[in-house]
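Undergrad: This is the structure, below, for whatever I ask next.
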Amino acid sequence: MEFTAVFGAGYAGLTTVGYKLINADGSTALARTTDGVTETSTPGTYSADIILPLYFSGTITWSTDDTELVEASETYNSDRPAVEPYALTDLATVKTYTGTEYTDEEIQLAINTVSREIENYCNRVFNPTDYSIKLSGSGRQALVLPQYPVLSITSIVMDDMAVETADYDNDDLAGILYHDTYWTKGVRNIAIVYRAGYTTLPRDLTMVATKMTVDHLQRLSRDISLKSETLSKHSWTAFSAQEMTTNYNVVLNHYKRFVV
């Protein structure tokens, strides 16, 4: 990736211009180097094709010479994400397996990616989330909610009329509402506001997420199973669907919501 530093015409013709990479935590990712630095057609402006470390987040600092009295700098990936609310494991747990081999930023990004892939595979959101949805009544007694376990139900409106709590029972764990008579048949005629998810994530689910995160980091470090990468957007594919089912289906299929 090409980066440019503008020092001005007063610094034209230099052969000592170089750059270094400083991580967001202040540590050095790359010591100062002049390799590949050339002056552009604009006097005093220098550029280099810099190969950044994977997941680099920090500052690219340019200087006119090794005294570093005249500098120019720019930040890169300063919006590197921390662990997201949907994460299925945490930094401390993963680090018990990886030690100091990876940076916090690398682990956090891996946690986020693996957690999202598990959600996609299972067709579910596991952490507590608020929903406002419309479902189509089937004319039957049971109504299946798309997300579960149910933590609370704020309101249910069927055919523009409020459904009282006395008119239905609910299986919170399975996310099924049982009407005393039936849910009237219609198209998106039942509006439900509710909250669902695990207040404490199941231990086996977090363990799988942790193991997948560690596996993913190790694979990336060997550079053998990186399926796709968009560094500037902080996204990649860690596991194929076949790998997901082959390696982790014993646990994940227990939580998978099968969509017909």
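Undergrad: Taking region 81-106 as the region of interest, how many residues are modelled with pLDDT under 85 and not assigned by TED's automatic domain parsing to the domain that holds Ala209?
TA: 4
Undergrad: Residues Ala166, Ala162: which one is touching a Ser or Thr at 6+ places or on another chain (Cβ under 8 Å), modelled with pLDDT of 95 or more and loosely packed, with under 15 Cβ neighbours inside 10 Å?
TA: Of the residues listed, the single one that is touching a Ser or Thr at 6+ places or on another chain (Cβ under 8 Å), modelled with pLDDT of 95 or more and loosely packed, with under 15 Cβ neighbours inside 10 Å is Ala162.
Undergrad: Condition test on Glu74, is it charged (D, E, K, R), part of a strand (DSSP E or B) and more than 15 Å from Val208 (Cβ to Cβ)?
TA: When the stated conditions are applied, Glu74 passes them.
Undergrad: Output yes when any residue across region 107-118 is surrounded by 14 or more Cβ atoms within 10 Å (Cβ to Cβ), modelled with pLDDT under 95, in contact with a helix residue (DSSP H, G or I) (Cβ under 6 Å, 6 or more places away or on another chain) and over 30 Å from Asn23 (Cβ atoms), and no when none is.
TA: No, region 107-118 contains no residue that is surrounded by 14 or more Cβ atoms within 10 Å (Cβ to Cβ), modelled with pLDDT under 95, in contact with a helix residue (DSSP H, G or I) (Cβ under 6 Å, 6 or more places away or on another chain) and over 30 Å from Asn23 (Cβ atoms).
Undergrad: Within region 9-31, is even one residue of a type in the set (S, T, N, Q), crowded, with 18+ Cβ neighbours inside 10 Å, out of contact with any Cys (no Cβ under 6 Å at 6 or more places or on another chain) and outside any helix (DSSP H, G or I)?
TA: Within region 9-31, not a single residue is of a type in the set (S, T, N, Q), crowded, with 18+ Cβ neighbours inside 10 Å, out of contact with any Cys (no Cβ under 6 Å at 6 or more places or on another chain) and outside any helix (DSSP H, G or I).
Undergrad: Being under 10 Å from Leu143 (Cα atoms) and either assigned by TED's automatic domain parsing to the domain that holds Val250 or among the hydrophobic types (A, V, I, L, M, F, W, C) (or both), is that true of even one residue in region 191-204? Lay out the reasoning, then the answer.
TA: Of all residues in region 191-204, those under 10 Å from Leu143 (Cα atoms) come to none.
Scanning region 191-204 turns up no residue that is under 10 Å from Leu143 (Cα atoms) and either assigned by TED's automatic domain parsing to the domain that holds Val250 or among the hydrophobic types (A, V, I, L, M, F, W, C) (or both).
Undergrad: Just to be sure I understand, how many residues within region 117-145 are in a loop (DSSP other than H, G, I, E, B), touching a residue at least 60 places away in the same chain (Cβ under 8 Å) and of a type outside the set (Lys, Arg)? Explain how you work it out, then say what you get.
TA: First, pick out the residues of region 117-145 that are in a loop (DSSP other than H, G, I, E, B): 123-128, 136-141, 145.
Restricting the remaining residues to those that are touching a residue at least 60 places away in the same chain (Cβ under 8 Å) gives 123-128.
Still in the running and of a type outside the set (Lys, Arg): 123, 125-128.
Total meeting the criteria: 5.
Undergrad: Of all residues in region 184-198 being closer than 30 Å to Val94 by Cα and over 20 Å from the mean Cα position of the chain (by Cα), which is surrounded by the fewest Cβ atoms within 10 Å (Cβ to Cβ)?
TA: Only one residue tops the list, namely Arg195.
Undergrad: Suppose the filter is buried (at least 17 other Cβ atoms within 10 Å of the Cβ), assigned to a strand (DSSP E or B) and of a type in the set (Val, Ile, Thr); does Ile153 pass it?
TA: Yes, satisfied.
Undergrad: As an exercise: evaluate Val125 against (1) within 26 Å of His216 (Cβ to Cβ); (2) in contact with a Lys or Arg (Cβ under 9 Å, 6 or more places away or on another chain); (3) of a type outside the set (Phe, Trp, Tyr) and give the number of the one condition it does not meet.
TA: (2)
Undergrad: Answer with yes or no whether Tyr76 is in contact (Cβ under 8 Å) with a residue 40 or more places away in the chain, out of contact with any Cys (no Cβ under 6 Å at 6 or more places or on another chain) and not small (Gly, Ala, Ser).
TA: When the stated conditions are applied, Tyr76 does not pass them.
Undergrad: Here's another thing I want to ask about it. For region 20-27, indicate whether the set of residues that are within 35 Å of the chain's Cα centre (by Cα) and on the phi > 0 side of the Ramachandran plot is non-empty.
TA: If we filter region 20-27 for residues that are within 35 Å of the chain's Cα centre (by Cα), which is where we start, we get 20-27.
Cutting the leftovers down to on the phi > 0 side of the Ramachandran plot gives us 26.
Within region 20-27 (the criterion being within 35 Å of the chain's Cα centre (by Cα) and on the phi > 0 side of the Ramachandran plot), the answer is yes, since at least one residue qualifies.
The values are calculated or read from the model by the stated rules, or taken from the named source; none is laboratory data. Treat the numbers as computed from the prediction; the structure is a model and nothing was measured. As a convention, Cβ positions derive from the backbone with ideal geometry for all residues, glycine included, and neighbour counts pool all protein chains shown.
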